[in-house]
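For reference, the structure discussed in these notes is given below.
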Amino acid sequence: MKKREFLKTSAILGAGTVLAPSIATSCMNSAAQTGATASLVSRGEDGTYLQPELGYAFDALEPYVDARTMEIHYTKHHAGYTSKFNAALEQADLHPTDIYSLFKTVSTLGASVRNNGGGYFNHNLYWKFMSPDGGGEPEGKLAEAIAKDFGSFAQFKDLFSATAGSHFGSGWAWLLLGDDGKLQVTSLPNQDNPLMDLSPVKGTPILNIDVWEHAYYLKHQNVRKDYIDAYWNVINWKFAGSLYDEAVG
Ligand code: MN3
């Protein structure tokens with residue numbers, strides 16, 4: 001009985017703490033930040049950025065992404081970026097309305113906000129871009145746009161894999177929707193992303209892949225290509241497609 005009451009209370013509190021910031025966010029920000037986009041970032045009542053739930057078990061992506069890598073990546077690397085991002089904001093006395101406007105002026109905010117803010121947000125995306133039910137090919141508008149802008153899904157796949165495979169050092173490969181309405185593939189160093197004012201290629205992220213060694217070294221050691229090849233089996237095209245739909249909507 002006591003336990004049940006506790007669970008009921010915490011469920012209500014839990015819903016309240018999640019709902020309050022999202023209502024505030026939807027009032028303050030543009031219409032673009034709804035649905036899939038809005039689900040990417042959540043904040044505490046004090047404005048601190050929260051590490052989102054993974055949404056699946058550490059071993060759910062086996063054999064393509066191993067459980068040990070997922071656990072360390074999520075609980076150590078991403079948790080570290082999250083806490084350092086909040087610390088960097090506090091130290092700089094920054095109180096961003098939302099992370100998207102923060103990225104638009106990130107070049108003026110110092111290396112710690114840039115690196116840890118990027119590390120926080122890029123991984124929020126990355127966890128969503130993977131699913132135990134992933135793989136296959138996109139459908140709908142995103143599938144049509146990929147065929148139009150890259151020739152075919154196979155050509156896009158080759159380009160994205162080659163871009164991720166040849167990126168020198170730590171960073172991420174991106175599929176993004178540019179301001180010209182066309183899809184592009186690029187790679188960016190460290191924790192930069194295409195929403196940042198300092199990125200040479202700007203646009204809305206549609207898909208990414210982490211090519212830092214911590215994303216694959218335990219399972220694949222130096223063979224980044226095997227990790228990239230495996231990634232195609234877990235890509236959550238439904239989520240990528242919903243980001244695209246919202247961006248063009
Ligand atoms: Mn990483």
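The values are calculated or read from the model by the stated rules, or taken from the named source; none is laboratory data. On a predicted model such as this, the values are computed, not experimentally measured, just so you know. Cβ: placed from backbone, ideal geometry, glycine included. Neighbour counts: every protein chain shown. Surface accessibility is based on the protein's heavy atoms, side chains included, excluding ligands, DNA and RNA. Shrake-Rupley method; radii C 1.70, N 1.55, O 1.52, S 1.80 Å.
A few notes on this one:
- Among the candidates L176, L207, the residue that is more than 16 Å from the ligand (Cβ to nearest atom), crowded, with 22+ Cβ neighbours inside 10 Å, outside any loop (DSSP other than H, G, I, E, B) and in contact (Cβ under 8 Å) with a residue 12 or more places away in the chain is uniquely L176.
- Of everything in the range 103-120 that is open to solvent by less than 10 Å² (accessible area, probe 1.4 Å) and more than 12 Å from the ligand (Cβ to nearest atom), the residue that is nearest to G44 (Cα to Cα) is G117.
- Every residue from the range 222-249 that is under 23 Å from V211 (Cβ atoms), open to solvent by 20 Å² or more (accessible area, probe 1.4 Å) and out of contact with any Ser or Thr (no Cβ under 9 Å at 6 or more places or on another chain): N222, V223, R224, D226, N233
- Checked against the criterion of being in contact with a His (Cβ under 6 Å, 6 or more places away or on another chain) and in a helix (DSSP H, G or I), the candidates D245, D149, D226, D158 yield just one match: D226.
Let's see how each residue does on (1) of a type in the set (K, R); (2) out of contact with any Leu (no Cβ under 7 Å at 6 or more places or on another chain):
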{"residue": "G178", "(1), (2)": "no, yes"}
{"residue": "K182", "(1), (2)": "yes, yes"}
{"residue": "V185", "(1), (2)": "no, no"}
{"residue": "L188", "(1), (2)": "no, yes"}
{"residue": "Q191", "(1), (2)": "no, yes"}
{"residue": "N208", "(1), (2)": "no, no"}
{"residue": "L218", "(1), (2)": "no, yes"}
{"residue": "D245", "(1), (2)": "no, yes"}
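- Qualifying positions in the range 121-140 - within 16 Å of the ligand (Cβ to nearest atom) and assigned to a loop (DSSP other than H, G, I, E, B): F129
- Against the test of being modelled with pLDDT of 95 or more, open to solvent by 10 Å² or more (accessible area, probe 1.4 Å) and in the same structural domain as R224 (by TED's automatic domain parsing), the options D158, D133 yield a single qualifying residue, D158.
- Criterion violated by S166 - all others in (1) under 20 Å from the mean Cα position of the chain (by Cα); (2) closer than 16 Å to R224 by Cβ satisfied: (1)
- Meets criteria (within 14 Å of the ligand (Cβ to nearest atom) and open to solvent by 10 Å² or more (accessible area, probe 1.4 Å)) for N190: yes
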